[in-house]
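These notes concern the structure reproduced below.
The values are calculated or read from the model by the stated rules, or taken from the named source; none is laboratory data. What you see is a predicted model, and the numbers here were worked out from it, not measured in a lab. Here the Cβ positions follow ideal geometry from the backbone for every residue, glycine too, while neighbour counts run over all protein chains shown. Note: accessible area is taken over every heavy atom of the protein model, side chains too, but ligands, DNA and RNA are not part of it. Shrake-Rupley method; radii C 1.70, N 1.55, O 1.52, S 1.80 Å.
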Amino acid sequence: MQQQFLIYNTLSHQKELFTPITPGRVGMYVCGPTVYGDAHLGHARPAITFDVLYRYLQHLGYKVRYVRNITDVGHLEHDADEGEDKIAKKARLEQLEPMEVAQYYTNRYHAAMDRLNVLRPSIEPHASGHIIEQIELVQKILDAGLAYVSNGSVYFDIRKYQEETHRYGQLSGRVIDEMLATTRELDGQEEKRFAGDFALWKKASPEHIMRWPSPWSDGFPGWHAECTAMGAKYLGSPFDIHGGGMDLVFPHHESEIAQCVASTGHAPCKYWMHNNMITINGQKMGKSLGNFITLGEFFDGSHKDKDGKEMLAQPYGPMTIRFFILQAHYRSTVDFSNEALQAAEKGYNRLMQAFKTLGSLQPSKESSVDVKGYRQLCYDAMNDDMNTPIVISHLFDAARVINTVNDHKATLTQEDIDELKSVFQIFVFDVMGLRDEASSDNTALIDGLMQMILDVRATAKANKDWATSDKIRDSLSALGIAVKDGKDGATWELK
């Protein structure tokens with residue numbers, strides 16, 4: 001059945017029916033990490049949010065090209081084009097090449113996302129690999145008369161853009177007249193005609209390591225340019241969905257719109273989607289605020305605050321973190337607490353146990369409960385702007401039915417058991433991307449047990465106890481496990 005998928009468009013401030021520009025195909029761009037430190041819980045939220053969107057669009061039958069960038073140049077310490085490049089600063093402090101820093105933290109980001117079962121995007125372009133495209137973008141904006149060169153740097157002329165288009169602030173709700181009236185000139189920004197103008201290209205200071213030649217100076221692109229250039233390169237212009245965290249609405253995404261309108265005459269995309277923040281005590285979690293807990297620390301339970309106090313009551317598995325994030329709607333804030341994570345752990349385990357129990361239910365000739373509505377209820381929740389907490393509530397209700405049948409207080413036919421298995425497979429595993437960590441953990445347990453059995457068999461063979469050796473081999477074979485003897489010892493595999 002064709003699903004009517006509604007998504008909330010930040011630009012229009014309302015839910016809209018999703019209709020891709022090209023029928024059957026979706027182009028989606030999501031702002032990825034600036035790789036100068038380990039990924040934290042705040043990074044997990046957009047990754048998981050747009051992973052679920054990616055999974056669901058594919059489940060609905062769309063062919064999706066998902067582009068998520070790596071920012072490895074141009075993101076300065078302050079969004080007002082001040083301070084040092086974040087990657088270059090880390091490289092200077094650690095006496096490394098900037099690309100060494102970027103590669104190291106990119107690898108660690110991937111490892112963390114893999115543990116969270118976040119699918120890799122179709123394309124993962126790096127800002128530093130698309131300098132030519134960004135220079136071309138800057139030149140188009142200059143040719144349109146909406147940027148200016150100042151001392152080797154190039155700045156976007158917001159006031160002139162506003163005079164011609166009246167569109168600056170349309171995404172964020174910022175009023176340009178108020179910005180003009182209240183924005184003071186900032187120290188070190190004398191190059192700008194207006195303090196709100198943002199950098200398209202920055203002239204590199206003599207000590208700046210990361211620099212490229214351009215028509216204006218040896219320098220590097222502004223932070224906002226990369227997404228406009230790479231989005232257009234890989235998805236065309238306009239494309240369907242641009243996503244990211246709500247903290248990127250201004251100035252990053254607002255500036256992206258301005259760059260695209262200035263260079264092409266139209267907006268970069270049809271739908272803007274933004275996830276809300278993870279908070280600690282009501283304050284946004286982030287590297288710049290120093291209040292973040294890395295994903296690795298969550299996984300091993302090792303984080304301490306600035307006063308040396310343990311922040312984590314226990315380690316939390318990747319699927320607990322994923323379930324914790326999906327328990328809240330992606331547009332609502334989520335406040336970190338050990339109590340909330342422990343509740344998420346119990347909820348996640350409840351779903352996993354219900355699915356296991358499904359496999360052992362004995363079917364009856366008739367069902368005493370109706371389970372055929374769960375599939376559409378879950379679709380209805382997903383189609384209402386990806387309302388994963390409502391999906392989870394329906395799955396919990398289904399888990400209650402499963403447990404009731406298991407307690408012999410209700411009955412289900414084989415057809416209805418299979419229907420519930422299908423619902424869990426689609427919405428728990430395929431769409432929400434959860435997986436059974438206990439089953440994954442059992443792999444190591446099984447490997448250990450098998451090695452112990454093979455060691456016992458090797459001892460029997462060494463003692464010429466052929467009867468015991470053959471009995472072990474034949475018993476394993478009856479269980480579907482093939483034992484192969486080699487010069488380096490025995491190995492096993494499932495038949």
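Data overview
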quantity: Any chance R193 is loosely packed, with under 12 Cβ neighbours inside 10 Å and either among the acidic types (D, E) or at pLDDT below 95 (or both); calculated: no
quantity: So W223, is it open to solvent by 10 Å² or more (accessible area, probe 1.4 Å) and either at pLDDT 90 or above or part of a helix (DSSP H, G or I) (or both); calculated: yes
quantity: Members of the range 292-349 found to be closer than 19 Å to G282 by Cα, modelled with pLDDT of 90 or more and among the basic types (K, R), listed by number; calculated: R331
quantity: Wholly within the range 399-495, helices (runs of 4 or more DSSP H) carrying at least 3 residues that are open to solvent by less than 40 Å² (accessible area, probe 1.4 Å) and at pLDDT below 90; calculated: 437-462
quantity: Where a residue in the range 79-98 is open to solvent by 60 Å² or more (accessible area, probe 1.4 Å) and its partner, wherever it lies, is of a type in the set (A, V, I, L, M, F, W, C) and assigned to a helix (DSSP H, G or I), with Cβ under 7 Å and at least six apart; calculated: E94/V101; E97/A91
quantity: Residue match in the range 283-294 (condition: open to solvent by less than 10 Å² (accessible area, probe 1.4 Å), within 22 Å of the chain's Cα centre (by Cα), of a type outside the set (S, T, Y) and over 27 Å from K89 (Cα atoms)); calculated: no
quantity: Selected residue (only one of R55, R45, R65 is open to solvent by 70 Å² or more (accessible area, probe 1.4 Å), among the charged types (D, E, K, R), at pLDDT 95 or above and within 21 Å of the chain's Cα centre (by Cα)); calculated: R65
quantity: Flag if A258 is part of a loop (DSSP other than H, G, I, E, B) and closer than 23 Å to N69 by Cα; calculated: no
quantity: Condition met for D307 (more than 30 Å from I87 (Cα to Cα) and either open to solvent by 70 Å² or more (accessible area, probe 1.4 Å) or part of a helix (DSSP H, G or I) (or both)); calculated: no
quantity: Residue tally, condition open to solvent by 20 Å² or more (accessible area, probe 1.4 Å) and charged (D, E, K, R), over the range 139-157; calculated: 2
quantity: Selection within the range 247-266 - among the small types (G, A, S), more than 25 Å from the chain's Cα centre (by Cα) and open to solvent by less than 20 Å² (accessible area, probe 1.4 Å); calculated: A258, A262
quantity: Meets criteria (in a helix (DSSP H, G or I), closer than 27 Å to K15 by Cα and in contact (Cβ under 8 Å) with a residue 24 or more places away in the chain) for H252; calculated: yes
quantity: Residue match in the range 355-371 (condition: touching a Phe, Trp or Tyr at 6+ places or on another chain (Cβ under 6 Å) and open to solvent by less than 20 Å² (accessible area, probe 1.4 Å)); calculated: no
